[in-house]
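First comes the structure, then the notes that go with it.
The values are calculated or read from the model by the stated rules, or taken from the named source; none is laboratory data. Keep in mind the model is a prediction, meaning the values are calculated, not measured. Here the Cβ is made from the backbone with ideal geometry for all residues, glycine too, and neighbour counts use every protein chain on show. With ligands, DNA and RNA removed, areas are computed over all heavy atoms of the protein, side chains included. Shrake-Rupley method; radii C 1.70, N 1.55, O 1.52, S 1.80 Å.
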Amino acid sequence: MLVYTIKELCRTCYTCVRECPAKAIRIVGGQAEVIDERCIACGNCTKVCSQGAKVFLNTTDRVAKLIENGSRVAAIVAPSFPAEFPEFPDHKVLVGMIKSLGFEYVAEVSFGADLVADRYRKLVSGDNYYISSDCPSIVNYIKFYHPALVDSLAPVVSPMVAMGRVIREKYGKETRIVFIGPCIAKKAESSEIDEAITYTELREMFASKGINSENCARADFDPPVGGRGAIFPVARGLLQTARISDNAITGNIIAAEGRIDFQGALKEYEAGLIKNQHMELLCCEGCIMGPGLSKNGRQYNRRSLVSAYASSKKEYIDSELWQSFFNEYAELDLTVRHKPDDHRIEELDEKEVNEVLVRMGKKTKKDQLDCGACGYESCIEHAIAIKKGLAEVEMCLPYTIEKLHKSVKDLALSNEKLSTMRQALKQSEKLAHMRQLSAGIAHELNNPLGVVIMYSNILLEESKPGEPVSEDLKLIVEQAARCKKIVAGLLNFARKNQVNHQIVSIRELVNHSLESLIIPEKVKINIIDRCTNPEAMLDTEQMMQVLTNLIKNAFDAIPQNGLIDIILEDTLSDVIITISDTGTGIKEEDRAKIFEPFFTTKGIGHGTGLGLATAYGIVKMHKGQISAESNNDPAKGPTGTRFKIVIPRRKE
């Protein structure tokens, strides 16, 4: 595998997916993995990964072993070297350092570029039209993803392979060859080259051996020396080396470079939109921007460095010597036969794609934003990749954001429910304490209160009508009776009786509750029955107490003519009783306290504050819920209070 991922460094930003022209990056479990069989080794992912998670195979150890084995090893250096080593204006310094590593020969690939350019020039002058084949990533891309265009690839080897053949012709078949250049794909381009390293790997070897410009003797490239091929690595370098015109009017050459442009050119070429044109394609923005160069280099600065070196060759190169070498290898076999190797993803039917789109919340064409955040050009491409196991739904940024918003909303709802449960728990704890206290007080008061009631009634019976003391005794009797009622309420509130579940119709329950009440003339009561099944297992007496308490409170809340609605509803598991009135409503600051014992908004002598607390306790014993909504501000709408009781239909 030439390119792979260091998983510990991957932050799943999808930049590599977006920059990979072959879509050879698979996201699995939030990690970006390189699919070796789809990778064209362009190295774009290694250039754009800010975390350094994408790396290429380091072959410096293999090169070192090759040299140590005692073989005669030649280094062939790509003509882009001035772009990587601007600190060595004199190329002889760099050549001397390379020889210090143990290479017997160091030659320029630019001579191979001269030979290849000459073959291209001859092809262009013919009747057939070709796509350049000097960039191995382009060749791989066409083989994998445009196999129908393989026959259009120029049947000429790359400058690297051409120079390799020249070296073996000149220095012997047994000579081992190491390519040094800017390209990762060169490591697997041809079996004719023994090893290949990048410029950055060459720097590593210099550092490991302690080699620098100060401790090495200067040396020149070994013959044959390159000529115009020195300009080969820049955009349109092939055309300039071959002296081919790409004039927009008179020329018949289209040059495209970079992952977006070369893909667009190939699609148009395959679709028949480009005819009678040759194409020079480079996967990078010229070889001077290859992944094997140091990062942060500037394209036009590098171009100027290469151009300056190519221009300087005119001053020191022996043109007659170069011509003699050129003539010597002019007939060297530089042919190659490219074979298709189809790696295209099978087409999916529209139904399968739509299933994935729906999973991402893209139910209509309008939902397909084609934002590219996932790394794919369109939502459909992303959906196909998901179906093929190359991508994940979570890569879609709009989907993930929407999912995040839903999670936040669900979390807020859960938090609200938790807060409600905490309040209910506090209320239950408070009621438990109050029940215990109330029971104690009620029992302590009950006996002496009974004595007061009995003797006050005896004294009242024995007193003569009209006597002043009889009025006082009446007051004692009335207030003692009120105290008895309060004590009875305390005992009722404090009781811990179990619920006596019986099958009851909530319709009949409401009717019986109303029959036990005296309904004021000012109040009209509506029963709205929406039940499909009114039966539930309830304690009739206790639930009647709840309903009568709520209805009495509604009577008291209506100052003049008003309306009380009793709404009966149900679900499969619950019965629901809602009692709403058009009264004055409850003040906002009092709403949180309405179920607390001894809290009342009624005047002195008109309420004990135990009715709603008792109702709350009874509902809770039925494993149900009771809630209240109220508005006392006419500016916000009609005033009134609404109590809602939800009771499970069955006791279990």
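State whether segment 384-423 is rounded, prolate or oblate according to the following rule on the C-alpha gyration tensor (a ≥ b ≥ c being the square roots of its eigenvalues): a/c under 1.5 gives rounded; otherwise a/b larger than b/c gives prolate, and the remaining case gives oblate.
Judged from the Cα gyration tensor, segment 384-423 comes out prolate (a/c at least 1.5, a/b above b/c).
For the chain, what is the percent of antiparallel DSSP beta bridges, rounded to the nearest 5?
About 55 percent, rounded to the nearest 5.
State the three equivalent ellipsoid semi-axes of segment 47-196, derived from the C-alpha gyration tensor as the square roots of 5 times its eigenvalues, in descending order and whole Å.
Calculated on Cα positions only, the semi-axes equal 28, 20, 16 Å.
Defining a contact as two alpha carbons under 8 Å apart and six or more residues distant in sequence, what relative contact order in percent does the chain show?
The value is 11 percent.
Binning at 5 Å from 0, report for segment 326-398 what percent of all alpha-carbon pair distances ends up in each bin.
3, 14, 22, 16, 9, 5, 4, 4, 4, 6, 5, 4, 3, 0
May I ask you to derive the FRET efficiency for GLN560 and ILE519 from their Cβ-Cβ distance with R0 = 22 Å, giving the value to the nearest 0.05? It would help to have the intermediate numbers written out before the result.
On the way: r = 15 Å, r/R0 = 0.69.
The pair GLN560/ILE519 has a calculated efficiency of 0.90.
Over the Cα atoms of segment 123-196, how large are the radius of gyration and the largest Cα-Cα distance (Dmax), in Å?
When restricted to the Cα atoms of segment 123-196, Rg and Dmax are 13.9, 39 Å.
Need the full-extension length gain, ASP333 to ASN447, defined as separation in residues times 0.36 nm minus the C-alpha distance. One decimal, nm.
Gain in length upon complete extension: 28.6 nm.
Averaging sequence separations of C-alpha pairs under 8 Å and six or more residues apart, then dividing by the length of segment 157-213, give the relative contact order as a whole percent.
29
Between helix 468-494 and the chain, what is the angle of the helix's C-alpha long axis to the longest principal axis, kept within 0 to 90° and rounded to the nearest 10?
Here the helix axis deviates by roughly 30 degrees.
Output the Kirkwood hydrodynamic radius of segment 186-321, Cα pairs only, in Å rounded to one decimal.
Every distinct Cα pair counted, the radius reaches 17.9 Å.
Could you tell me the calculated FRET efficiency between ARG72 and SER50, based on Cβ-Cβ distance and R0 = 45 angstrom, to the nearest 0.05?
0.60
How many percent of Cα pairs in the chain exceed 32 Å?
Cα-Cα pairs of the chain separated by over 32 Å account for 66 percent.
Could you calculate the contour length gain from LYS593 to LYS363, that is, 0.36 nm times the residue separation minus the distance between their Cα atoms, to one decimal place in nm?
Once the chain is fully extended between LYS593 and LYS363, it gains 78.0 nm.
With N set to the number of residues, divide the alpha-carbon radius of gyration of segment 279-418 by 2.2 N^0.38 Å and report two decimals.
So the Cα radius of gyration is 1.90 times the expected 2.2 N^0.38 Å.
Using a 1.4 angstrom probe on the protein heavy atoms only, line up SER470, SER311, SER125 by accessible area, largest first.
Values: SER470 10, SER311 60, SER125 95 Å².
Ranked list, largest accessible area first: SER125, SER311, SER470.
Taking 7 Å along the Cα-to-C-beta vector as the label spot, tell me the PHE326-ILE528 distance in nanometres, rounded to one decimal.
Label-label distance for PHE326 and ILE528, simple model: 9.8 nm.
Relative contact order for segment 115-244 using alpha-carbon pairs under 8 Å, separation at least 6, rounded to a whole percent?
Here the relative contact order equals 22 percent.
Would you mind getting the Kirkwood hydrodynamic radius of segment 21-136 from its Cα pairs, rounded to one decimal in Å? Each step should come with its number before you reach the end.
Numbers: mean 1/r = 0.0550 Å⁻¹.
For segment 21-136, the Kirkwood estimate is 18.2 Å.
Please give the residues of segment 55-99, grouped as numeric ranges, whose backbone N is less than 11 Å from a label point set 7 Å along the Cα-to-Cβ vector of GLU174.
Taking a point 7 Å out along Cα→Cβ of GLU174, the residues of segment 55-99 whose backbone N falls under 11 Å are 71-72.
Would you kindly find the accessible area of LYS143, with a 1.4 Å probe and non-protein molecules such as ligands, DNA and RNA excluded, rounding to the nearest 10 Å²?
About 50 Å², rounded to the nearest 10.
Could you name the lysines in cross-link range of LYS406, using Cα to Cα under 19 Å and dropping any fewer than eight places away on the same chain?
Candidates past the 8-residue exclusion: LYS362, LYS363, LYS417.
Please calculate how many Å² of accessible area segment 299-438 carries per residue, with a 1.4 Å probe and no DNA, RNA or ligand atoms counted. Can you show the working numbers first?
Working: 9750 Å² over 140 residues.
So segment 299-438 comes to 70 Å² accessible per residue, rounded to a whole number.
Limiting things to C-alpha atoms, what are the Rg and the maximum Cα-Cα separation (Dmax) for segment 325-368, in angstroms?
Looking at segment 325-368, its Cα Rg and Dmax stand at 25.0, 67 Å.
Counting only protein heavy atoms and a 1.4 Å probe, tell me what percentage of the chain's accessible area is made up of carbon and sulfur. Let's see the in-between values first.
Details: 17330 of 33830 Å².
After summing per-atom areas, the C and S share lands at 51 percent.
Nearest 10 degrees is fine. How inclined is helix 136-145 to the longest principal axis of the chain, computing both from alpha carbons?
So the helix axis and the longest Cα principal axis differ by about 60 degrees.
Round to the nearest 10 and give me the degree value, 0 to 90, for the angle of helix 506-515's Cα axis relative to the longest principal axis of the chain.
Compared with the principal axis, the helix lies near 30 degrees.
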